[in-house]
């Protein structure tokens, strides 16, 4: 006899937003774990070889969607914009791996968050999104946090390697801004197929000369990294389906907590005072921008 009152799919009283928050926290934990694994892997393998393995896993996970929409998913009205998006994504992903190899985990991840400010600037310029004085001030405060971490002086920066994740953040912003524009004319399947295939090709061509045959441990590390990164993306999508995007946007900064813990446990890294204060500037101003975006959308 069937139960007329089946158990709820989630704990009673747990809102959709709360479920989304939990999934988002899992996603950020997975991304922090991938960053820590990349720091280990890059000691043995080239950045592009690591990225190539990652994109293979992304491609394999996307095959069902790609098969259903192929070849229509290759059709686009804006091939140049796709090229810009792919270059931005390639720069962001490759410099993200490179950054954790030459910087403490927390520093690399903190500086990558300046993507929010680059997106705001690019969206204002190319998507004609409004930029008020409050947003401009928030962007300036965020970049002040970057300067606190970079600590420029007469000889340059305290650590020039800190510019690597900043360059990656600009690449990510280009990819995000291009995707926003492309989403108005191209299908999600088209965005997916170009990202999964062509970023892998960009990494795969030079890997022909840079390839180092991995041993079993190395192979498992690279495959696991790709699998966790792909899982993190899918979990993040699930979080966005359950909760408001502005709520999920706030949760992404918990990645700093995960990376600080992993950096300390795995690599004996302790964030210095400049990274801590810089992170406060960057995160607080980014949260302000997210809050303003949420408020503006509700008023429309």
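Just so it is clear, none of the values below were taken in a lab; they were calculated from the coordinates. Please read these numbers as outputs of a predicted model, since none were measured by experiment. In this analysis, Cβ positions are derived from the backbone assuming ideal geometry, glycine residues included, and neighbour counts consider all displayed protein chains.
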Practice task
For region 114-229, just say rounded, prolate or oblate: build the C-alpha gyration tensor, square-root its eigenvalues into a ≥ b ≥ c, call rounded for a/c under 1.5, and beyond that prolate if a/b exceeds b/c, oblate if not.
Solution key: oblate
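Starting with the fewest neighbours, write out 65, 285, 94 ranked by other beta-carbon atoms found within 10 Å of each beta-carbon. Please list the in-between numbers first.
Numbers: 65 15, 285 24, 94 21.
Placing the least packed residue first, the sequence is 65, 94, 285.
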Exercise for the section: Compute the separation of the alpha-carbon centres of region 84-148 and region 23-55 and state it in Å as a whole number. Expected result: 19
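Distances over 30 Å make up what percent of all Cα-Cα pairs in the chain? Don't jump to the answer; show the numbers that get you there.
Working: 15803 of 44850 pairs.
Of the Cα pairs, 35 percent sit more than 30 Å apart.
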Problem - Under 11 Å from the residue 185 label point (7 Å along Cα→beta-carbon), backbone N, region 65-91 - result: 76-82
Exercise for the section: Using the number of other C-beta atoms within 10 angstrom as an exposure proxy, rank 90, 59 with the fewest first. Expected result: 59, 90
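Counting other beta carbons within 10 Å of each Cβ, put 230, 224, 188, 28 in order, fewest first. List each step's numbers first, then the result.
Working: 230 22, 224 16, 188 11, 28 25.
Final ranking by Cβ density, sparse to dense: 188, 224, 230, 28.
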Fill in the blank from the handout: Between residue 102 and residue 78, the two model label points (7 Å from Cα along the beta-carbon direction) sit apart by a distance in nm of 3.2
Completion exercise
Zone reached by a paramagnetic label modelled 7 Å from residue 233 Cα along Cα→Cβ, restricted to region 32-70 with backbone N below 14 Å, covers 51-67
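With an 8 Å Cα cut-off and a minimum separation of 6 or more residues, compute the relative contact order for the chain in percent.
Relative contact order for the chain comes out at 40 percent.
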Exercise for the section: Answer rounded, prolate or oblate for region 22-88, using the Cα gyration tensor with square roots of eigenvalues a ≥ b ≥ c: rounded when a/c is under 1.5, else prolate when a/b is larger than b/c, else oblate. Expected result: prolate
Exercise for the section: Using a 10 angstrom cutoff on alpha carbons, build the Gaussian network for the chain and name the most mobile of 83, 67, 41. Expected result: 67
